1. Could you tell me whether the stretch 242-255 includes any residue that is of a type in the set (Gly, Ala, Ser) and within 16 Å of ASN176 (Cβ to Cβ)?
2. Is there a residue being exposed (fewer than 15 other Cβ atoms within 10 Å of the Cβ) and closer than 22 Å to PHE306 by Cα anywhere in the stretch 202-221?
3. Taking MET278 and the conditions (1) surrounded by fewer than 19 Cβ atoms within 10 Å (Cβ to Cβ); (2) over 24 Å from LEU196 (Cβ atoms), which numbered condition does it fall short on, given that it satisfies the others?
4. I'd like to know if the stretch 156-172 contains one or more residues that are outside any helix (DSSP H, G or I) and either surrounded by 12 or more Cβ atoms within 10 Å (Cβ to Cβ) or modelled with pLDDT of 95 or more (or both).
5. Taking the condition hydrophobic (A, V, I, L, M, F, W, C) and under 17 Å from VAL245 (Cβ atoms), does ILE203 pass?
6. Hey, could you check the stretch 222-242 for residues that are over 17 Å from the mean Cα position of the chain (by Cα) and over 18 Å from ALA133 (Cα atoms) and say which is surrounded by the most Cβ atoms within 10 Å (Cβ to Cβ)?
7. If you scan the stretch 272-300, which residues turn out to be without any contact (Cβ under 8 Å) to a residue 12 or more places away in the chain and touching a helix residue (DSSP H, G or I) at 6+ places or on another chain (Cβ under 8 Å)?
8. Answer with yes or no whether ALA208 is without any contact (Cβ under 8 Å) to a residue 12 or more places away in the chain and within 18 Å of LEU292 (Cα to Cα).
Amino acid sequence: MNKRIFGLLIVVFGFWQLHAQDTNAVLNVPDSLVQTIDSVYLKKPKELKNILDSLASNETMRHYFFLNEKVVGNAVFSSNLEESRDLPQLKAIRLRTDKNEPWKFWILITTILLLALTRSMNVKRFDEILLLAFDMQADYTKYSDKTANYFLSNLGLFINFILSLSLFLTTLLQINHQVETDNYYLFFFKLILVLLAVYAGKILLNIAIGFIFRVRSLSITTLFNAILVNNLLGVGLVFLNLFFVFVANVQMANVFSAVILITILVGVVYRQIKNLIMTAQNTHIQIIYIFLYLCALEILPWLVLFKLFLNSW
């Protein structure tokens, strides 16, 4: 009797297990939103040639063996991760370094060697040229008799000035992102050509105006002071660029750039004051005409240049 009752209980329990549902299955029944997401984004398995291909496919394994997986967004995340696997992650993205950065070092070495070579050719002439920049009563007529002797020294200092100024402007525009280019090395040489063209045009214009309006002494004096002050400024730019070009801190780079810009501005103002004093002493031209001449050919171009620079800052 007991055996019959025990067998009956086993049969009843078996039928109950067949028709019962798993509690986890009941809790994990997806709603309409989940079914919509998975039905839209879950890809069907691709047609596979053999069993090895099916084992290598993540989509096939998930489709057949994880049918009850109803985690919201899991299929979407897996699909997006599979598609974007070849894209760089955030940690893999780095700032691109300038491949042409070493050229600045060699330009600085060139300016230092050029400065040393110019001085070693004739130390006395080199020192006289720099001292003449501070002489408010320098007589060009005495200097003109020895122009040929000072030609190489002046030429070396002027080339040094063009190289140093071009290097400073290129680095400044690069740091402030005012000029975007893939090759700042090429931009540096273009800037050299522009500066050479500007100074060549300035020399020719001063000479032409001097002959046309018979103010030859005034034009020669302004050119004389422009060469002397620029040569002196070029020497200072060589050493200032050593700190400005290779400074690692952005704030310190801005400080050095401000110091160099102020130095250039002081040099321009000092040159105009020296032009006024020297032309008033060596010529009989009235001061008002000297001032108008300097405004037209010296002061106005610099004001336009600084205005353009401030607008693009």
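1. Step one: of the stretch 242-255, the residues of a type in the set (Gly, Ala, Ser) are 248, 253.
Subset that is within 16 Å of ASN176 (Cβ to Cβ): 253.
Yes: one or more hits.
2. yes
3. (1)
4. Step one: filter the stretch 156-172 for residues outside any helix (DSSP H, G or I), giving none.
No: the stretch 156-172 contains no residue that is outside any helix (DSSP H, G or I) and either surrounded by 12 or more Cβ atoms within 10 Å (Cβ to Cβ) or modelled with pLDDT of 95 or more (or both).
5. Values: hydrophobic (A, V, I, L, M, F, W, C): yes; under 17 Å from VAL245 (Cβ atoms): no.
For ILE203, the condition - hydrophobic (A, V, I, L, M, F, W, C) and under 17 Å from VAL245 (Cβ atoms) - is not met.
6. At the first step, the residues of the stretch 222-242 found to be over 17 Å from the mean Cα position of the chain (by Cα) are 222-240, 242.
Of the ones still in play, those that are also over 18 Å from ALA133 (Cα atoms) are 239-240, 242.
Values: PHE239: 14, LEU240: 18, LEU242: 14.
The residue in question is LEU240.
7. Of everything in the stretch 272-300, those that are without any contact (Cβ under 8 Å) to a residue 12 or more places away in the chain and touching a helix residue (DSSP H, G or I) at 6+ places or on another chain (Cβ under 8 Å) turn out to be ALA280, ILE287.
8. Numbers: without any contact (Cβ under 8 Å) to a residue 12 or more places away in the chain: yes; within 18 Å of LEU292 (Cα to Cα): yes.
So ALA208 fits the description; yes.
The values are calculated or read from the model by the stated rules, or taken from the named source; none is laboratory data. Since this is a predicted model, take the numbers as computed values, not measurements. Heads up, the Cβs are rebuilt from the backbone with ideal geometry, glycines too, and the neighbour counts pull from every protein chain shown.
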